[in-house]
Amino acid sequence: MKVTTDACLFGAWVAEEVRSQESGVRSSLDIGTGTGLLSLMLAQKNHDALIIGVEIDEDAEKQAKENINSSPWKDRINVIEGDVKNYNFPEKFDLIISNPPFYENEIRSATDSKNVAHHSKDLTLKELLAIIKNYLNETGSFFLLLPYKRDEEIKKLFKDHELNISKILFVRHSVKHDYFRIFIKGSLNAEEKKTEFDELSIWDDKKQYTNEFVTLLKDYYLHL
């Protein structure tokens, strides 16, 4: 599985948001952990976080375990293979994070592993939000990386599930491009609250990483 720039950016944004929260985060759930990227980035910046990663693809689960076992945070991250819809977790979580499959009802790849990673046949966004609502603590937060083109659909789904969106970060490749990703921070609080909006570009007009991008990723990239 490839590690994408937007996933790295999302992981760094989540880790920083969690680190800056007044309330600490202890138990965390990473749904569709893939290579283990998000769990590792969260663990690097949040020293009390205990993380469970769930991954349905056997090869990806093995790769995640290899990556985590090679890291300094292997004692705080546990990866399990299987469908998150089939698990009955004994506890609720302070934090739930996910970079879920993006596409529903679209052309699928000839490669099964790519379909699992990119298409939501095995986990629709509606199912994911139901899992979040069931397993997130009342005072907890969740973070999702989603495609910008599903923006309006996403807002309706959140309203239907009585989930509150506290922050949205719109992401674009460069200052000359339209948005292509949205990062969402939310909670179980269904009361109408003002959502905080922001935007971030990966590249500036000179094809250099923006200051905002560098600030978030400098502790993770070897050369930045």
Exercise. Using a 1.4 angstrom probe, figure out how much accessible area the chain has per residue, in square angstrom, rounded to the nearest whole.
Key: 54 Å²
Quiz item: Can you work out the base-10 log of I(q)/I(0) for the chain at q = 0.11, 0.14, 0.17 1/Å, using the Debye formula on its C-alpha atoms alone?
Solution: -0.52, -0.88, -1.36
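Run the accessible area of the chain with a 1.4 Å probe and give the carbon-and-sulfur part as a rounded percent.
Values: 5630 of 12200 Å².
Heavy-atom surface of the chain belonging to carbon and sulfur, 1.4 Å probe: 46 percent.
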Quiz prompt | Where N is the number of residues in the range 180-224, Cα Rg divided by 2.2 N^0.38 Å | solution = 1.59
Quiz prompt | Residue-wise HN-Hα coupling along the range 171-184, computed from phi with Karplus coefficients 6.51, -1.76, 1.60 (Hz; x: Gly, Pro) | solution = 10, 10, 4, 8, 5, 9, 9, 7, 5, 10, 9, 10, 9, 10
Self-check item: List L136, L224, L216, ordered by accessible area with a 1.4 Å probe, largest first
Solution: L224, L216, L136
Quiz item: Excluding same-chain residues fewer than 8 positions from K133, which aspartates and glutamates have a Cα within less than 19 Å of its Cα?
Solution: D30, D83, E91, D94, D122, E153, D160, E162, E191, E192
Quiz item: Using a 1.4 angstrom probe with every protein chain in place, what is the largest-first accessible-area order of D151, D219?
Solution: D219, D151
Quiz item: How much accessible surface does F197 have with a 1.4 Å probe, in Å² rounded to 10?
Solution: 120 Å²
Quiz prompt | Residue (of H47, F89, F170) at the positive-pole extreme of the chain, dipole from beta-carbon charges | solution = F170
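The values are calculated or read from the model by the stated rules, or taken from the named source; none is laboratory data. Everything numeric in this text was worked out from a predicted model, so none of it was measured. Note that each Cβ is placed from the backbone with ideal geometry, even for glycine, and that neighbours are counted across all protein chains shown. Remember, those area values only see protein heavy atoms, side chains included, never the ligands or the DNA or RNA. Shrake-Rupley method; radii C 1.70, N 1.55, O 1.52, S 1.80 Å.
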